[in-house]
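Colleague: Sending over a structure as C-alpha coordinates; questions will come in a sec.
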Amino acid sequence: MSSVLYDTPGPRAKRRNVLFSVIFFVLLALLLWWVWLTMDEKNQLTWALWKPFTQSQAWTTYLLPGLADTLKAAALAMVIALPLGAFFGIARLSDHRWVRATAGTVVEFFRSIPVLLLMLFANELYVRSSGISSEDRPLYAVVTGLVLYNASVLAEIVRAGILSLPKGQTEAAMAVGLRKGQTMTSVLLPQAVTAMLPAIVSQLVVIVKDTALGGVMLGFTELLNARQTLAAVYANVIPSFIVVAVIYIVLNFLLTSFASWLERRLRRSKKGTGVVLGEDTVEVNPAAVQKSFGTGAGGTT
Amino acid sequence: MFDFLEGYDVLGAFWMTVKLTALSALGSLVWGTLLAAMRVSPVPLMRGFGTAYVNIVRNIPLTVIIVFTSLGLADIFGMTMGASDDVDALSFRLAVLGLVAYTASFVCEAIRSGINTVPVGQAEAARAIGLSFSQVLSLIVLPQAFRSVIGPLANVLIALTKNTTVAAAIGVAEAALLMKEMIENEAQTLAIGAVFAFGFVVLTLPTGLFLGWLSKRLAVKR
(Lines give C-alpha, C1' and ligand atoms only; values in the text may rest on other atoms or scores of the structure.)
Protein backbone atom coordinates (compact mmCIF):
# COMPACT_ATOMS: atom_id res chain seq x y z
CA MET A 1 0.00 0.00 0.00
CA SER A 2 2.30 2.74 -1.11
CA SER A 3 2.22 5.25 -3.91
CA VAL A 4 4.46 7.89 -5.39
CA LEU A 5 2.78 10.52 -3.28
CA TYR A 6 3.42 9.00 0.16
CA ASP A 7 5.76 6.58 1.84
CA THR A 8 4.84 3.12 3.00
CA PRO A 9 3.27 4.04 6.34
CA GLY A 10 5.31 3.56 9.49
CA PRO A 11 3.75 3.18 12.95
CA ARG A 12 2.85 6.87 13.31
CA ALA A 13 1.44 7.20 9.79
CA LYS A 14 -0.54 4.00 10.32
CA ARG A 15 -2.10 5.41 13.47
CA ARG A 16 -2.89 8.65 11.66
CA ASN A 17 -4.47 6.82 8.72
CA VAL A 18 -6.63 4.78 11.09
CA LEU A 19 -7.69 8.01 12.81
CA PHE A 20 -8.62 9.65 9.49
CA SER A 21 -10.44 6.50 8.42
CA VAL A 22 -12.47 6.53 11.63
CA ILE A 23 -13.33 10.24 11.30
CA PHE A 24 -14.30 9.83 7.66
CA PHE A 25 -16.33 6.71 8.45
CA VAL A 26 -18.22 8.51 11.20
CA LEU A 27 -18.99 11.47 8.91
CA LEU A 28 -20.12 9.14 6.12
CA ALA A 29 -22.23 7.08 8.51
CA LEU A 30 -23.84 10.25 9.91
CA LEU A 31 -24.69 11.38 6.40
CA LEU A 32 -26.19 8.01 5.47
CA TRP A 33 -28.08 7.88 8.77
CA TRP A 34 -29.50 11.33 8.10
CA VAL A 35 -30.56 10.29 4.58
CA TRP A 36 -32.16 7.15 6.00
CA LEU A 37 -34.01 9.14 8.69
CA THR A 38 -35.25 11.71 6.18
CA MET A 39 -36.48 8.96 3.87
CA ASP A 40 -38.22 7.29 6.79
CA GLU A 41 -39.77 10.58 7.88
CA LYS A 42 -41.17 11.14 4.37
CA ASN A 43 -42.47 7.54 4.33
CA GLN A 44 -40.20 6.54 1.46
CA LEU A 45 -39.13 3.31 3.14
CA THR A 46 -42.57 1.72 3.38
CA TRP A 47 -42.60 -1.67 1.72
CA ALA A 48 -45.62 -0.78 -0.42
CA LEU A 49 -43.49 1.65 -2.46
CA TRP A 50 -40.75 -0.91 -3.12
CA LYS A 51 -42.96 -3.97 -3.58
CA PRO A 52 -43.80 -3.25 -7.26
CA PHE A 53 -40.16 -3.88 -8.20
CA THR A 54 -40.33 -7.44 -6.86
CA GLN A 55 -43.28 -8.19 -9.12
CA SER A 56 -43.05 -8.77 -12.83
CA GLN A 57 -45.74 -6.28 -13.84
CA ALA A 58 -43.70 -3.13 -13.09
CA TRP A 59 -40.89 -4.54 -15.20
CA THR A 60 -42.81 -5.95 -18.16
CA THR A 61 -45.20 -2.98 -18.45
CA TYR A 62 -42.90 -0.05 -17.75
CA LEU A 63 -39.20 -0.55 -17.16
CA LEU A 64 -38.25 -3.14 -19.77
CA PRO A 65 -40.10 -1.44 -22.68
CA GLY A 66 -38.47 1.83 -21.59
CA LEU A 67 -35.05 0.20 -21.52
CA ALA A 68 -35.75 -1.33 -24.93
CA ASP A 69 -36.50 2.12 -26.38
CA THR A 70 -33.35 3.56 -24.79
CA LEU A 71 -31.24 0.80 -26.32
CA LYS A 72 -33.03 1.03 -29.67
CA ALA A 73 -32.36 4.77 -30.00
CA ALA A 74 -28.74 4.36 -28.85
CA ALA A 75 -28.07 1.48 -31.25
CA LEU A 76 -29.67 3.28 -34.21
CA ALA A 77 -27.74 6.45 -33.47
CA MET A 78 -24.47 4.55 -33.21
CA VAL A 79 -25.01 2.55 -36.41
CA ILE A 80 -25.86 5.67 -38.43
CA ALA A 81 -23.27 7.96 -36.81
CA LEU A 82 -20.30 5.61 -37.29
CA PRO A 83 -20.05 5.62 -41.11
CA LEU A 84 -20.97 9.32 -41.16
CA GLY A 85 -18.26 10.05 -38.61
CA ALA A 86 -15.71 7.98 -40.53
CA PHE A 87 -16.61 9.91 -43.69
CA PHE A 88 -16.16 13.33 -42.09
CA GLY A 89 -13.06 12.24 -40.19
CA ILE A 90 -11.39 11.14 -43.42
CA ALA A 91 -12.65 14.22 -45.27
CA ARG A 92 -10.92 16.41 -42.69
CA LEU A 93 -7.63 14.80 -43.69
CA SER A 94 -8.18 15.32 -47.42
CA ASP A 95 -5.48 16.81 -49.62
CA HIS A 96 -8.01 19.21 -51.15
CA ARG A 97 -8.37 22.38 -49.13
CA TRP A 98 -12.09 22.84 -49.86
CA VAL A 99 -13.03 19.33 -48.78
CA ARG A 100 -10.91 19.74 -45.64
CA ALA A 101 -12.36 23.14 -44.76
CA THR A 102 -15.98 22.12 -45.38
CA ALA A 103 -15.71 18.95 -43.32
CA GLY A 104 -13.90 20.84 -40.56
CA THR A 105 -16.60 23.51 -40.39
CA VAL A 106 -19.42 20.96 -40.28
CA VAL A 107 -17.71 18.93 -37.54
CA GLU A 108 -16.79 21.92 -35.36
CA PHE A 109 -20.28 23.40 -35.79
CA PHE A 110 -22.22 20.33 -34.68
CA ARG A 111 -19.75 19.62 -31.90
CA SER A 112 -20.30 23.02 -30.30
CA ILE A 113 -24.11 22.84 -30.22
CA PRO A 114 -25.89 21.12 -27.32
CA VAL A 115 -27.48 17.83 -28.36
CA LEU A 116 -30.77 18.97 -26.81
CA LEU A 117 -31.02 21.89 -29.25
CA LEU A 118 -30.42 19.51 -32.16
CA MET A 119 -33.18 17.20 -30.90
CA LEU A 120 -35.69 20.04 -30.39
CA PHE A 121 -34.86 21.44 -33.81
CA ALA A 122 -35.17 18.07 -35.56
CA ASN A 123 -38.49 17.44 -33.80
CA GLU A 124 -39.94 20.75 -34.98
CA LEU A 125 -38.62 20.19 -38.48
CA TYR A 126 -40.36 16.79 -38.64
CA VAL A 127 -43.59 18.36 -37.35
CA ARG A 128 -43.59 20.97 -40.12
CA SER A 129 -42.21 19.23 -43.13
CA SER A 130 -42.60 15.48 -43.00
CA GLY A 131 -45.29 12.85 -42.80
CA ILE A 132 -43.80 11.01 -39.82
CA SER A 133 -46.62 9.99 -37.46
CA SER A 134 -46.63 11.63 -34.05
CA GLU A 135 -45.98 8.23 -32.45
CA ASP A 136 -42.70 7.72 -34.27
CA ARG A 137 -41.60 11.34 -34.29
CA PRO A 138 -39.85 11.40 -30.86
CA LEU A 139 -37.69 8.43 -31.85
CA TYR A 140 -36.79 10.07 -35.18
CA ALA A 141 -36.00 13.38 -33.49
CA VAL A 142 -33.89 11.78 -30.74
CA VAL A 143 -31.93 9.66 -33.22
CA THR A 144 -31.39 12.64 -35.56
CA GLY A 145 -30.06 14.80 -32.73
CA LEU A 146 -27.80 12.03 -31.45
CA VAL A 147 -26.49 11.23 -34.95
CA LEU A 148 -25.62 14.84 -35.81
CA TYR A 149 -23.77 15.38 -32.55
CA ASN A 150 -22.06 12.02 -32.22
CA ALA A 151 -21.06 11.75 -35.87
CA SER A 152 -19.00 14.90 -35.38
CA VAL A 153 -17.45 13.54 -32.17
CA LEU A 154 -16.70 10.21 -33.89
CA ALA A 155 -15.19 12.13 -36.81
CA GLU A 156 -12.64 13.60 -34.39
CA ILE A 157 -11.95 10.14 -32.96
CA VAL A 158 -11.39 8.74 -36.46
CA ARG A 159 -9.13 11.65 -37.39
CA ALA A 160 -7.07 11.25 -34.23
CA GLY A 161 -6.90 7.49 -34.85
CA ILE A 162 -5.50 7.93 -38.35
CA LEU A 163 -3.09 10.65 -37.22
CA SER A 164 -1.82 8.39 -34.44
CA LEU A 165 -0.38 5.94 -36.99
CA PRO A 166 3.33 6.15 -37.76
CA LYS A 167 4.08 8.24 -40.85
CA GLY A 168 6.00 5.33 -42.38
CA GLN A 169 2.74 3.48 -42.97
CA THR A 170 1.61 6.01 -45.60
CA GLU A 171 5.10 6.28 -47.08
CA ALA A 172 5.42 2.50 -47.42
CA ALA A 173 1.97 2.24 -49.01
CA MET A 174 2.90 4.96 -51.49
CA ALA A 175 6.25 3.28 -52.18
CA VAL A 176 4.57 0.01 -53.25
CA GLY A 177 2.38 2.08 -55.58
CA LEU A 178 -0.99 2.24 -53.82
CA ARG A 179 -3.30 5.13 -54.67
CA LYS A 180 -4.52 7.53 -51.95
CA GLY A 181 -7.87 5.78 -51.64
CA GLN A 182 -6.23 2.37 -51.44
CA THR A 183 -3.78 3.58 -48.81
CA MET A 184 -6.70 4.80 -46.69
CA THR A 185 -8.96 1.76 -47.04
CA SER A 186 -6.44 -1.05 -46.93
CA VAL A 187 -3.58 0.32 -44.82
CA LEU A 188 -4.59 3.20 -42.57
CA LEU A 189 -8.25 2.58 -41.66
CA PRO A 190 -7.94 -1.08 -40.56
CA GLN A 191 -5.12 -0.17 -38.18
CA ALA A 192 -6.79 3.00 -36.93
CA VAL A 193 -9.97 1.08 -36.13
CA THR A 194 -8.21 -1.04 -33.50
CA ALA A 195 -6.80 2.08 -31.85
CA MET A 196 -10.23 3.71 -31.92
CA LEU A 197 -12.35 0.84 -30.59
CA PRO A 198 -12.14 1.72 -26.87
CA ALA A 199 -12.97 5.37 -27.56
CA ILE A 200 -15.92 4.31 -29.72
CA VAL A 201 -17.30 2.00 -27.02
CA SER A 202 -16.92 4.84 -24.47
CA GLN A 203 -18.89 7.09 -26.80
CA LEU A 204 -21.77 4.59 -26.56
CA VAL A 205 -22.09 5.49 -22.87
CA VAL A 206 -22.53 9.15 -23.82
CA ILE A 207 -25.20 8.19 -26.37
CA VAL A 208 -27.10 6.00 -23.88
CA LYS A 209 -27.09 8.83 -21.34
CA ASP A 210 -28.24 11.42 -23.88
CA THR A 211 -31.33 9.40 -24.86
CA ALA A 212 -32.78 10.45 -21.49
CA LEU A 213 -33.11 14.01 -22.86
CA GLY A 214 -35.69 12.81 -25.35
CA GLY A 215 -37.75 11.34 -22.52
CA VAL A 216 -38.11 14.64 -20.68
CA MET A 217 -38.22 17.17 -23.50
CA LEU A 218 -39.84 15.27 -26.40
CA GLY A 219 -41.97 12.58 -24.77
CA PHE A 220 -39.84 9.75 -26.15
CA THR A 221 -40.88 6.62 -24.20
CA GLU A 222 -37.41 5.68 -22.96
CA LEU A 223 -36.39 4.59 -19.46
CA LEU A 224 -36.65 7.98 -17.69
CA ASN A 225 -40.03 8.60 -19.30
CA ALA A 226 -41.19 5.09 -18.35
CA ARG A 227 -40.18 5.89 -14.77
CA GLN A 228 -42.60 8.81 -14.74
CA THR A 229 -45.51 6.63 -15.87
CA LEU A 230 -44.55 4.00 -13.34
CA ALA A 231 -44.33 6.54 -10.51
CA ALA A 232 -47.74 7.92 -11.48
CA VAL A 233 -49.24 4.45 -11.11
CA TYR A 234 -47.52 3.29 -7.90
CA ALA A 235 -46.89 6.76 -6.36
CA ASN A 236 -43.27 5.85 -5.60
CA VAL A 237 -41.14 8.72 -6.90
CA ILE A 238 -37.96 8.13 -4.90
CA PRO A 239 -37.83 4.31 -5.25
CA SER A 240 -38.49 4.56 -9.00
CA PHE A 241 -35.65 7.07 -9.40
CA ILE A 242 -33.29 4.81 -7.47
CA VAL A 243 -34.20 1.72 -9.52
CA VAL A 244 -33.87 3.56 -12.85
CA ALA A 245 -30.53 5.08 -11.80
CA VAL A 246 -29.26 1.61 -10.87
CA ILE A 247 -30.28 0.26 -14.31
CA TYR A 248 -28.36 3.09 -16.03
CA ILE A 249 -25.33 2.59 -13.77
CA VAL A 250 -25.18 -1.16 -14.41
CA LEU A 251 -25.64 -0.76 -18.18
CA ASN A 252 -23.04 2.00 -18.54
CA PHE A 253 -20.63 0.40 -16.09
CA LEU A 254 -20.66 -2.74 -18.25
CA LEU A 255 -19.90 -0.62 -21.34
CA THR A 256 -17.10 1.28 -19.57
CA SER A 257 -15.56 -1.93 -18.25
CA PHE A 258 -15.76 -3.47 -21.71
CA ALA A 259 -14.00 -0.41 -23.16
CA SER A 260 -11.15 -0.53 -20.66
CA TRP A 261 -10.81 -4.31 -21.04
CA LEU A 262 -10.57 -3.79 -24.80
CA GLU A 263 -7.99 -1.08 -24.28
CA ARG A 264 -5.77 -3.23 -22.04
CA ARG A 265 -6.04 -6.06 -24.53
CA LEU A 266 -5.11 -3.87 -27.50
CA ARG A 267 -2.23 -2.32 -25.61
CA ARG A 268 -0.84 -5.77 -24.89
CA SER A 269 -1.30 -7.38 -28.25
CA LYS A 270 1.58 -7.25 -30.70
CA LYS A 271 -0.63 -7.11 -33.79
CA GLY A 272 -2.18 -3.71 -33.18
CA THR A 273 -0.24 -0.49 -33.31
CA GLY A 274 -0.28 -0.35 -29.53
CA VAL A 275 -1.71 3.13 -29.76
CA VAL A 276 -5.00 3.49 -27.94
CA LEU A 277 -7.22 6.55 -27.91
CA GLY A 278 -9.03 7.46 -24.77
CA GLU A 279 -9.76 10.54 -22.79
CA ASP A 280 -10.35 9.19 -19.32
CA THR A 281 -7.57 6.67 -19.11
CA VAL A 282 -4.90 7.09 -16.50
CA GLU A 283 -1.93 6.23 -18.66
CA VAL A 284 -2.66 8.65 -21.48
CA ASN A 285 -0.84 11.94 -21.31
CA PRO A 286 -3.62 14.57 -21.44
CA ALA A 287 -1.40 17.03 -23.24
CA ALA A 288 -0.87 14.54 -26.07
CA VAL A 289 -4.57 13.72 -26.24
CA GLN A 290 -5.40 17.40 -26.28
CA LYS A 291 -3.04 17.91 -29.19
CA SER A 292 -4.53 15.11 -31.23
CA PHE A 293 -8.14 16.08 -30.52
CA GLY A 294 -7.66 19.77 -31.26
CA THR A 295 -8.83 22.66 -29.16
CA GLY A 296 -12.36 22.89 -30.50
CA ALA A 297 -15.56 22.36 -28.64
CA GLY A 298 -15.34 18.72 -27.75
CA GLY A 299 -15.45 17.16 -24.39
CA THR A 300 -17.02 14.66 -22.10
CA THR A 301 -20.73 15.07 -22.04
CA MET B 1 -35.55 39.63 -41.13
CA PHE B 2 -35.06 38.93 -37.46
CA ASP B 3 -38.35 40.49 -36.34
CA PHE B 4 -39.44 37.15 -34.86
CA LEU B 5 -37.04 37.93 -32.01
CA GLU B 6 -39.36 40.69 -30.75
CA GLY B 7 -41.19 39.79 -27.59
CA TYR B 8 -38.60 37.22 -26.57
CA ASP B 9 -35.74 37.83 -24.15
CA VAL B 10 -33.06 35.92 -26.05
CA LEU B 11 -30.17 37.74 -24.37
CA GLY B 12 -31.72 37.16 -20.95
CA ALA B 13 -31.97 33.42 -21.69
CA PHE B 14 -28.32 33.24 -22.73
CA TRP B 15 -27.36 35.27 -19.66
CA MET B 16 -29.07 32.56 -17.58
CA THR B 17 -27.01 29.93 -19.46
CA VAL B 18 -23.83 31.87 -18.65
CA LYS B 19 -24.79 32.18 -14.97
CA LEU B 20 -25.55 28.45 -14.76
CA THR B 21 -22.21 27.65 -16.42
CA ALA B 22 -20.12 29.98 -14.24
CA LEU B 23 -21.60 28.91 -10.90
CA SER B 24 -21.52 25.19 -11.77
CA ALA B 25 -17.95 25.46 -13.06
CA LEU B 26 -16.81 27.05 -9.80
CA GLY B 27 -18.63 24.51 -7.66
CA SER B 28 -17.48 21.49 -9.62
CA LEU B 29 -13.86 22.70 -9.67
CA VAL B 30 -13.82 22.81 -5.85
CA TRP B 31 -15.72 19.54 -5.33
CA GLY B 32 -13.82 17.80 -8.15
CA THR B 33 -10.42 18.79 -6.71
CA LEU B 34 -11.49 17.47 -3.29
CA LEU B 35 -12.60 14.20 -4.90
CA ALA B 36 -9.28 13.90 -6.77
CA ALA B 37 -7.35 14.50 -3.52
CA MET B 38 -9.44 11.78 -1.87
CA ARG B 39 -8.76 9.36 -4.73
CA VAL B 40 -4.97 9.63 -4.33
CA SER B 41 -4.89 9.93 -0.52
CA PRO B 42 -3.29 7.33 1.78
CA VAL B 43 -6.59 6.71 3.60
CA PRO B 44 -8.22 3.66 1.98
CA LEU B 45 -11.78 4.62 2.94
CA MET B 46 -11.47 8.03 1.27
CA ARG B 47 -10.01 6.40 -1.85
CA GLY B 48 -12.93 3.98 -1.92
CA PHE B 49 -15.45 6.78 -1.51
CA GLY B 50 -13.87 8.85 -4.30
CA THR B 51 -13.76 5.89 -6.68
CA ALA B 52 -17.34 4.87 -5.92
CA TYR B 53 -18.64 8.44 -6.30
CA VAL B 54 -16.95 8.98 -9.66
CA ASN B 55 -17.98 5.62 -11.11
CA ILE B 56 -21.58 5.92 -9.96
CA VAL B 57 -22.23 9.56 -10.86
CA ARG B 58 -20.48 9.39 -14.23
CA ASN B 59 -22.77 6.59 -15.35
CA ILE B 60 -26.08 8.25 -14.45
CA PRO B 61 -27.50 10.48 -17.20
CA LEU B 62 -27.35 14.16 -16.21
CA THR B 63 -31.03 14.41 -17.13
CA VAL B 64 -31.90 11.83 -14.46
CA ILE B 65 -29.87 13.76 -11.86
CA ILE B 66 -31.44 17.13 -12.70
CA VAL B 67 -35.01 15.79 -12.85
CA PHE B 68 -34.35 14.03 -9.54
CA THR B 69 -33.29 17.27 -7.83
CA SER B 70 -36.65 18.75 -8.77
CA LEU B 71 -39.08 15.83 -8.33
CA GLY B 72 -37.15 14.07 -5.57
CA LEU B 73 -35.20 16.55 -3.47
CA ALA B 74 -37.56 19.52 -3.79
CA ASP B 75 -41.01 17.91 -4.04
CA ILE B 76 -40.67 14.86 -1.80
CA PHE B 77 -37.95 15.86 0.67
CA GLY B 78 -38.99 19.52 0.72
CA MET B 79 -35.49 20.84 0.08
CA THR B 80 -35.71 24.62 -0.34
CA MET B 81 -32.04 25.63 -0.78
CA GLY B 82 -32.80 28.97 0.89
CA ALA B 83 -35.42 29.93 -1.68
CA SER B 84 -38.64 28.66 -0.14
CA ASP B 85 -41.13 30.95 -1.90
CA ASP B 86 -39.33 31.71 -5.17
CA VAL B 87 -39.89 28.88 -7.65
CA ASP B 88 -37.49 30.28 -10.29
CA ALA B 89 -34.63 30.75 -7.83
CA LEU B 90 -35.25 27.29 -6.40
CA SER B 91 -35.09 25.51 -9.77
CA PHE B 92 -31.98 27.53 -10.69
CA ARG B 93 -30.20 26.44 -7.49
CA LEU B 94 -31.34 22.84 -7.93
CA ALA B 95 -29.98 22.83 -11.48
CA VAL B 96 -26.61 24.17 -10.25
CA LEU B 97 -26.56 21.48 -7.55
CA GLY B 98 -27.20 18.74 -10.11
CA LEU B 99 -24.64 20.13 -12.56
CA VAL B 100 -21.98 20.41 -9.84
CA ALA B 101 -22.59 16.85 -8.60
CA TYR B 102 -22.29 15.52 -12.17
CA THR B 103 -19.46 17.66 -13.56
CA ALA B 104 -17.26 17.20 -10.48
CA SER B 105 -16.71 13.55 -11.40
CA PHE B 106 -15.25 14.60 -14.77
CA VAL B 107 -13.14 17.33 -13.16
CA CYS B 108 -11.85 14.73 -10.69
CA GLU B 109 -10.80 12.37 -13.49
CA ALA B 110 -9.09 15.18 -15.41
CA ILE B 111 -7.09 16.31 -12.38
CA ARG B 112 -6.18 12.73 -11.53
CA SER B 113 -4.77 12.23 -15.02
CA GLY B 114 -2.84 15.48 -14.51
CA ILE B 115 -1.34 14.15 -11.29
CA ASN B 116 0.00 11.24 -13.34
CA THR B 117 1.88 13.61 -15.66
CA VAL B 118 4.06 14.92 -12.82
CA PRO B 119 7.38 13.03 -12.95
CA VAL B 120 7.80 10.43 -10.22
CA GLY B 121 11.13 11.93 -9.18
CA GLN B 122 9.50 15.16 -8.04
CA ALA B 123 7.24 13.47 -5.52
CA GLU B 124 10.13 11.29 -4.42
CA ALA B 125 12.35 14.33 -3.88
CA ALA B 126 9.59 16.07 -1.95
CA ARG B 127 9.18 13.02 0.27
CA ALA B 128 12.94 12.78 0.71
CA ILE B 129 13.14 16.28 2.22
CA GLY B 130 10.42 15.24 4.65
CA LEU B 131 7.24 16.78 3.28
CA SER B 132 3.98 15.15 4.34
CA PHE B 133 1.33 13.83 1.92
CA SER B 134 -0.74 17.01 2.07
CA GLN B 135 2.36 19.13 1.52
CA VAL B 136 3.53 16.99 -1.40
CA LEU B 137 0.09 17.26 -2.96
CA SER B 138 -0.59 20.96 -2.37
CA LEU B 139 2.94 22.38 -2.88
CA ILE B 140 4.54 20.13 -5.49
CA VAL B 141 2.08 17.98 -7.40
CA LEU B 142 -1.25 19.84 -7.72
CA PRO B 143 0.21 23.18 -8.97
CA GLN B 144 1.94 21.32 -11.81
CA ALA B 145 -1.02 19.02 -12.38
CA PHE B 146 -3.38 21.98 -12.79
CA ARG B 147 -1.14 23.57 -15.39
CA SER B 148 -1.04 20.37 -17.42
CA VAL B 149 -4.80 19.73 -17.32
CA ILE B 150 -6.04 23.14 -18.49
CA GLY B 151 -6.73 21.57 -21.90
CA PRO B 152 -8.82 18.65 -20.57
CA LEU B 153 -10.52 20.98 -18.07
CA ALA B 154 -11.42 23.28 -20.97
CA ASN B 155 -13.17 20.32 -22.61
CA VAL B 156 -15.06 19.69 -19.36
CA LEU B 157 -16.04 23.38 -19.19
CA ILE B 158 -17.29 23.34 -22.79
CA ALA B 159 -19.25 20.15 -22.14
CA LEU B 160 -20.68 21.85 -19.04
CA THR B 161 -21.77 24.88 -21.09
CA LYS B 162 -23.65 22.56 -23.41
CA ASN B 163 -24.99 20.49 -20.51
CA THR B 164 -26.64 23.52 -18.89
CA THR B 165 -29.38 23.11 -21.52
CA VAL B 166 -30.57 20.09 -19.52
CA ALA B 167 -31.77 22.57 -16.88
CA ALA B 168 -34.63 23.27 -19.31
CA ALA B 169 -36.05 19.92 -18.15
CA ILE B 170 -36.92 21.47 -14.75
CA GLY B 171 -38.05 24.80 -16.18
CA VAL B 172 -35.00 27.03 -15.73
CA ALA B 173 -35.51 29.88 -18.20
CA GLU B 174 -32.30 29.38 -20.18
CA ALA B 175 -31.53 29.18 -23.90
CA ALA B 176 -32.88 25.67 -24.69
CA LEU B 177 -36.22 26.33 -22.99
CA LEU B 178 -36.66 29.62 -24.86
CA MET B 179 -35.76 27.94 -28.15
CA LYS B 180 -38.36 25.22 -27.52
CA GLU B 181 -40.98 27.88 -26.84
CA MET B 182 -39.99 29.97 -29.85
CA ILE B 183 -39.91 27.23 -32.46
CA GLU B 184 -43.32 26.04 -31.30
CA ASN B 185 -44.86 29.52 -31.60
CA GLU B 186 -43.09 31.07 -34.57
CA ALA B 187 -42.91 29.99 -38.19
CA GLN B 188 -39.19 30.56 -38.86
CA THR B 189 -37.84 27.26 -37.52
CA LEU B 190 -34.58 27.48 -39.42
CA ALA B 191 -33.81 31.09 -38.48
CA ILE B 192 -34.54 30.47 -34.79
CA GLY B 193 -32.37 27.36 -34.83
CA ALA B 194 -29.57 29.38 -36.44
CA VAL B 195 -29.80 32.13 -33.80
CA PHE B 196 -29.49 29.68 -30.89
CA ALA B 197 -26.80 27.61 -32.61
CA PHE B 198 -24.86 30.83 -33.17
CA GLY B 199 -25.28 31.73 -29.50
CA PHE B 200 -23.71 28.47 -28.38
CA VAL B 201 -20.90 28.68 -30.92
CA VAL B 202 -20.14 32.17 -29.56
CA LEU B 203 -20.11 30.80 -26.00
CA THR B 204 -18.02 27.68 -26.59
CA LEU B 205 -15.58 28.52 -29.37
CA PRO B 206 -13.72 31.44 -27.66
CA THR B 207 -13.55 29.42 -24.42
CA GLY B 208 -11.90 26.55 -26.27
CA LEU B 209 -9.48 28.78 -28.16
CA PHE B 210 -8.54 30.89 -25.10
CA LEU B 211 -8.01 27.93 -22.78
CA GLY B 212 -6.16 26.05 -25.54
CA TRP B 213 -3.79 29.01 -25.86
CA LEU B 214 -3.49 29.24 -22.07
CA SER B 215 -2.73 25.53 -21.72
CA LYS B 216 0.08 25.84 -24.25
CA ARG B 217 1.50 28.88 -22.46
CA LEU B 218 1.27 27.47 -18.96
CA ALA B 219 2.23 23.86 -19.68
CA VAL B 220 5.30 22.85 -17.73
CA LYS B 221 8.03 22.41 -20.35
CA ARG B 222 9.87 19.18 -19.76
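The values are calculated or read from the model by the stated rules, or taken from the named source; none is laboratory data. All of these numbers come straight from a predicted model, not from anything done at the bench. Backbone-built Cβ (ideal geometry, glycine too); neighbour counts: all protein chains shown. With ligands, DNA and RNA removed, areas are computed over all heavy atoms of the protein, side chains included. Shrake-Rupley method; radii C 1.70, N 1.55, O 1.52, S 1.80 Å.
Colleague: Of A:Asn123, A:Gly181, A:Leu255, whose Cα points farthest to the positive end of the dipole of chain A (charges on the beta-carbon: +1 Lys, Arg; -1 Asp, Glu; origin at the Cα centre)?
Modeller: Among A:Asn123, A:Gly181, A:Leu255, the one farthest towards the positive end of the dipole of chain A is A:Gly181.
Colleague: Right, next: Kirkwood Rh over Cα pairs of chain B into Stokes-Einstein at 25 °C, 0.890 mPa s: D in µm²/s? Could you put the intermediate results ahead of the total?
Modeller: Numbers: Rh = 19.4 Å.
The estimated diffusion coefficient comes to 126 µm²/s.
Colleague: Assuming R0 = 22 Å, can you tell me the calculated FRET efficiency for the pair A:Thr102 and B:Phe198, based on Cβ-Cβ distance, to the nearest 0.05?
Modeller: My answer for the efficiency is 0.75.
Colleague: Turning to a different aspect of this structure: Report, ordered by chain and residue number, the aspartates and glutamates lying within cross-link reach of A:Lys180, taken as a straight Cα distance under 12 Å and ignoring same-chain residues fewer than 8 apart.
Modeller: The reachable aspartates and glutamates, counting only those whose Cα sits under 12 Å from A:Lys180, are A:Asp95, A:Glu171.
Colleague: With every protein chain kept in place and ligands, DNA and RNA left out, what is the accessible area per residue of the protein assembly as shown? Probe 1.4 Å, answer in Å².
Modeller: 47
Colleague: Among the residues of region B:157-196, which ones have their accessible area go down by 50 Å² or more when all the protein chains sit together, as opposed to their chain alone (1.4 Å probe)?
Modeller: So the qualifying set is B:Lys162, B:Met179, B:Lys180, B:Ile183, B:Thr189.
Colleague: What is the distance in Å between the Cα centres of region A:97-143 and region A:64-93?
Modeller: 13
Colleague: In the full protein assembly as shown, how much of A:Phe109 is accessible to a 1.4 Å probe, in Å² to the nearest 10?
Modeller: Answer for A:Phe109: close to 80 Å² accessible.
Colleague: For region B:95-211, what D do you get in µm² per second when you plug the Kirkwood radius from alpha-carbon pairs into Stokes-Einstein at 10 °C and 1.306 mPa s?
Modeller: Taking Rh from Cα pairs, D becomes 93 µm²/s.
Colleague: Using the Karplus equation 6.51 cos²θ - 1.76 cosθ + 1.60 (θ = phi - 60°), what ³J(HN,Hα) coupling, rounded to whole Hz, does each residue of region A:142-150 give in order, writing x for Gly and Pro?
Modeller: 4, 5, 4, x, 5, 5, 4, 5, 6
Colleague: Further, regarding this structure: Got a number for carbon plus sulfur as a percent of the protein assembly as shown's accessible area, 1.4 Å probe?
Modeller: Here it works out to 67 percent.
Colleague: Ranked highest first by the average count of other Cβ atoms within 10 Å around their residues, in what order do A:15-24, A:174-183 fall?
Modeller: Numbers: A:15-24: 14.3, A:174-183: 11.8.
Order by mean packing, descending: A:15-24, A:174-183.
Colleague: Need the C-alpha centroid separation for region B:67-134 versus region A:187-248, integer Å.
Modeller: Each part's Cα centre sits 22 Å from the other's.
Colleague: Here is a follow-up. Which angle between 0 and 90 degrees, to the nearest 10, do you get for helix A:115-129 versus the longest principal axis of chain A when only C-alpha atoms count?
Modeller: Once rounded, one gets 80 degrees.
Colleague: For the A and B pair, go ahead and give the buried accessible area with a 1.4 Å probe, both sides summed, in Å² to 100.
Modeller: 5800
Colleague: Here's something else I'd like to know. Taking only DSSP H segments of four or more residues, each worth -39500 (n - 2.57), what value at 222 nm results for the protein assembly as shown once the sum is divided by all its residues, to the nearest 500 deg cm²/dmol?
Modeller: Value at 222 nm, helices only, nearest 500: -23500 deg cm²/dmol.
Colleague: Of the listed pairs A:Lys209/B:Lys216; A:Lys209/B:Lys19; A:Lys167/B:Lys216; B:Lys180/B:Lys216; A:Lys209/B:Lys221; B:Lys162/B:Lys216, which have alpha-carbon separations greater than 28 Å here?
Modeller: Correct reply: A:Lys209/B:Lys216; B:Lys180/B:Lys216; A:Lys209/B:Lys221.
Colleague: Dipole magnitude of region A:122-205 about its Cα centre, charges +1 at Lys/Arg Cβ and -1 at Asp/Glu Cβ only, in debye to the nearest 20?
Modeller: Dipole of region A:122-205, to the nearest 20 debye: 320 debye.
Colleague: To continue, here is another question. Arranged from highest to lowest average of other beta-carbon atoms within 10 Å per residue, in what order do the peptides B:83-90, A:233-240, B:56-63, A:147-154 appear?
Modeller: A:147-154, B:56-63, A:233-240, B:83-90
Colleague: Cβ neighbours within 10 Å, averaged per peptide: list B:22-32, B:212-222 in order, most packed at the top.
Modeller: Numbers: B:22-32: 18.9, B:212-222: 13.0.
Put in order of decreasing packing, that is B:22-32, B:212-222.
Colleague: May I pose another question? Explain nothing, just the number: dipole magnitude of the protein assembly as shown about its Cα centre with +1 on each Lys and Arg Cβ and -1 on each Asp and Glu Cβ, in debye rounded to the nearest 20.
Modeller: Here the protein assembly as shown has a charge dipole of around 2680 debye.
Colleague: Express the Stokes-Einstein translational diffusion coefficient of the protein assembly as shown in µm² s⁻¹, to the nearest whole number, given a Kirkwood radius over alpha-carbon pairs, 20 °C and a viscosity of 1.002 mPa s.
Modeller: In µm²/s, the coefficient rounds to 87.
Colleague: I'd like the residues of region A:230-256 whose 1.4 Å-probe accessible area shrinks by no less than 50 Å² going from the isolated chain to the full set of protein chains.
Modeller: A:Ile238, A:Phe241, A:Ile249
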